[in-house]
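Trainee: Here it is, the structure in full.
Nothing in this text is a laboratory measurement; each read-out follows from the coordinates by a stated rule. Nothing here was measured: the structure is a model prediction, and the numbers come from that model. Here the Cβ positions follow ideal geometry from the backbone for every residue, glycine too, while neighbour counts run over all protein chains shown.
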Amino acid sequence: MDVRALMFDVDGVVIRRPGGRSWDADLEADLGIDPAALGRRFFAVHFGDVVLGRADLFDRLDVVVPALGGISSRELVDYWFARDAHLDERLLNDLGEARARGLDVHLATVQEHHRARYLWDTLGLRRYFASMHYAADVGHVKTEEGFYRVVESRTGLRPAEHCLVDDTQENVSAAEREGWKAVLWTPESRLEHVLGMVTPGIRDGG
């Protein structure tokens, strides 16, 4: 069965981090917040609820940020989102060819509501993708069966007609377990190679 919908991960695929540097690499120098402390107090404790839509990002940050430094949650989020926004323009340009050959292209990503809106509207990913399926909206992460069933209910396609393109092996394995095709994306990957793996006839127009 041919793939009809390509589902792209965001972080590590559509968004690349130059030199592999995390968005918070300069956080302490720029904003006076220790990234390790932010990780312990916010990401380890609160982000699980936030990313699944059970809590609002700012509500939880407002509990944590005052003890970490003299900035607001809004300032931290603006910094975070802007520093984690380096689009892979080569991949985005290549998507036009995939669409021209009859493939739908979507985002399948683990995001909370605020960053999802930032990605879709502010960074303009809506110009390249048919839709975004993200954890806080779907109610599941990509290691869970429910993520795939919800996306399938939206596309109306069979499992094997979807292909997840992701840079995390755990997500690739989960997608395959749920009947999807899946490709592990690496820094050297090109979309033409993905197309050749999942739908060999597309690359040569067959």
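Trainee: Where does each of 79-88, 28-37, 161-170 land if you order them by average Cβ count within 10 Å, highest first? All intermediate terms of the calculation are to be shown ahead of the outcome.
Mentor: Details: 79-88: 16.3, 28-37: 14.0, 161-170: 20.3.
Put in order of decreasing packing, that is 161-170, 79-88, 28-37.
Trainee: Hey, another quick one. For the stretch 16-62 and the stretch 148-190, what is the separation of their Cα centres, given in Å?
Mentor: The two parts, judged by their Cα centres, are 27 Å apart.
Trainee: Using 0.36 nm times the number of residues separating GLU188 and ASP2, minus their current alpha carbon distance, what extension gain do you get? Before the final figure, lay out each step's value.
Mentor: Details: separation 186, 0.36 × 186 = 66.96 nm, distance 2.46 nm.
Length gained between GLU188 and ASP2: 64.5 nm.
Trainee: Here is a follow-up. Dipole of the stretch 1-127, Cα-centred, from +1 at each Lys and Arg C-beta and -1 at each Asp and Glu C-beta, to the nearest 20 debye?
Mentor: Working: 17 positive and 22 negative charges, 61 e Å.
With only Lys, Arg, Asp and Glu charged at Cβ, the dipole is about 300 debye.
Trainee: For GLY53, what charge total do you get from the other residues with a beta carbon under 11 Å from its beta carbon, if Lys and Arg give +1 and Asp and Glu give -1?
Mentor: Values: positive: ARG54; negative: ASP49, ASP56, GLU112, ASP137.
Once positives and negatives cancel, what remains is -3.
Trainee: Now, a different point. Could you work out how far apart the two model spin labels at ARG54 and ASP34 are, taking each label as a point 7 Å from the Cα in the direction of the beta carbon, and quote it in nm?
Mentor: 2.8
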